[in-house]
Amino acid sequence: MGTPIGPGLHVVSTPIGNLGDITLRALATLNQSHLIICEDTRVTRKLTSHYSINTRLLSYHDHSKPDVLLSIIEILKSGKIVSLVSDAGTPTVSDPGYKLINAAIEAEIAVTTVPGVSAVVSALSVSGLPTDKFLFFGFLPPRTASRIRALKRLTDLAASLVFYESPRRFSACLSDMSQVLGPREAVVARELTKRHEEIQRGDLTQLALEAAKVKPPKGELVILLGPPTVSTRMDINSVKELLSSALKTESLRDAATSVASQTGHARRDLYSLALSLKDSQKR
């Protein structure tokens with residue numbers, strides 16, 4: 001099936017829910033592989049059975065013994081075609097596959113990507129949040145104190161933030177995010193590509209309050225937060241002082257640009273603020 005592929009480790013993306021999202025290249029690679037490395041054979045077998053792929057499956061995860069990794073590397077060294085998949089989406093994104101990839105690289109084995117679905121990119125694409133700069137943090141710490149410490153380090157990042165979270169911790173996580181990161185745009189994407197796909201958009205604080213009133217949601221969750229606004233990232237009076245000072249010697253555009261570089265705020269927001277300051281000075 002398809003063009004013959006060479007030996008080595010092929011990192012194959014699989015659907016995150018809808019089995020129809022797999023690529024033709026991924027199917028060809030899995031069919032031609034001598035071995036498919038996966039997290040849970042029961043999960044991956046649903047995919048291979050659906051597409052009548054008979055390649056042998058081998059489980060490899062965080063709790064696998066070191067001998068399992070060594071045996072996979074030996075198989076690769078013998079010139080076999082081996083595919084690496086995760087339970088869903090793109091391997092090595094919040095899963096243990098990176099250890100195998102590093103071992104293959106150290107052994108000078110060819111590593112090839114077979115790209116496809118990723119929950120991170122899928123959620124971002126429909127979020128409506130800025131995507132020119134985004135940072136993915138995977139799962140935050142499960143305990144409240146550790147989670148709050150982690151969130152405090154993200155307060156001033158001028159980028160959209162993407163997290164995975166379990167249904168059980170979802171409400172507590174949103175509450176901590178609201179407390180630490182303040183009012184900002186937020187999106188919750190649940191069960192992406194599946195029958196009960198749901199996307200909630202709104203203010204982070206409001207979404208946190210709503211989540212606290214209902215039972216924990218079912219399914220996989222992606223939480224996305226927009227960049228901080230001017231008012232949440234820095235005291236508005238401090239920003240105005242910087243702009244007023246810059247406007248004494250610079251044009252509106254240059255003043256907005258220079259203050260943006262100092263504070264990390266979006267230049268368009270600072271330009272609007274600088275324009276209002278300029279107008280007030282004329283009165």
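Within straight-line reach of Lys194, meaning a Cα separation under 19 Å, sit the following aspartates and glutamates at least 8 residues removed in sequence or on another chain: Asp21, Asp87, Glu165, Glu220.
At an R0 of 25 angstrom, the distance between the Cβ atoms of Leu19 and Tyr98 translates into a FRET efficiency of 0.50.
Among the listed pairs Lys46/Lys77; Lys65/Lys218; Lys152/Lys213; Lys248/Lys278; Lys152/Lys215, those with a Cα-Cα distance over 22 Å are Lys46/Lys77; Lys65/Lys218; Lys152/Lys213; Lys152/Lys215. Count Lys and Arg as plus one, Asp and Glu as minus one, and take only other residues whose Cβ is under 9 Å from that of Pro216; the net charge is then +4.
Label separation (Leu70 vs Ser251): 6.8 nm, computed from points 7 Å beyond Cα along the C-beta direction.
Taking the Cα centre of the chain as origin and assigning +1 to Lys and Arg Cβ atoms and -1 to Asp and Glu Cβ atoms, the resulting dipole is close to 480 debye.
Share of region 143-199's accessible area from carbon and sulfur, percent, 1.4 Å?
So the carbon and sulfur contribution to the accessible surface is 46 percent.
The packing ranking of peptides 181-187, 243-249, highest mean first, is 181-187, 243-249, where packing means the average number of other beta carbon atoms within 10 angstrom of each residue. Extension gain for the segment Glu106 to Ser146, taken as residue separation times 0.36 nm less the Cα-Cα distance, is 11.0 nm to one decimal. Pairs of C-alpha atoms in region 20-97 farther apart than 15 Å represent 55 percent of all such pairs. Per-residue extension of 0.36 nm, minus the Cα-Cα distance of His34 and Glu210, leaves a gain of 58.5 nm for this segment. Comparing Leu221, Leu70, Leu129 in a Gaussian network model of the chain where C-alpha atoms under 10 Å apart are linked, the largest mean-square fluctuation is found at Leu70. What the Kirkwood sum gives for region 1-143 is a hydrodynamic radius of 15.9 Å, with every pair of different alpha carbons counted.
Computed from the coordinates I sent, mean projected area of the Cα convex hull in nm² equals one of (1) 14.6; (2) 19.2; (3) 16.0. Tell me the label. So the calculated entry is the one marked (2).
Accessible surface calculations at 1.4 Å, restricted to protein heavy atoms, place the chain at 54 Å² per residue. Dipole of the chain (Lys/Arg Cβ +1, Asp/Glu Cβ -1, origin at the Cα centre): which of Ile223, Thr112, Leu135 lies farthest to the positive side? The listed residue farthest towards the positive side: Ile223.
Between Arg168 and His50, what length in nm is gained on full extension when 0.36 nm per residue of separation is reduced by their alpha carbon distance?
Working: separation 118, 0.36 × 118 = 42.48 nm, distance 3.05 nm.
Length difference between fully extended and current span is 39.4 nm.
The values are calculated or read from the model by the stated rules, or taken from the named source; none is laboratory data. Remember, it's a predicted structure, so these values are computed and weren't measured experimentally. Cβ atoms come from the backbone with ideal geometry, glycine included; neighbour counts cover every protein chain shown. Calculation scope for accessible area: heavy atoms of the full protein, side chains included, ligands and nucleic acids excluded. Shrake-Rupley method; radii C 1.70, N 1.55, O 1.52, S 1.80 Å.
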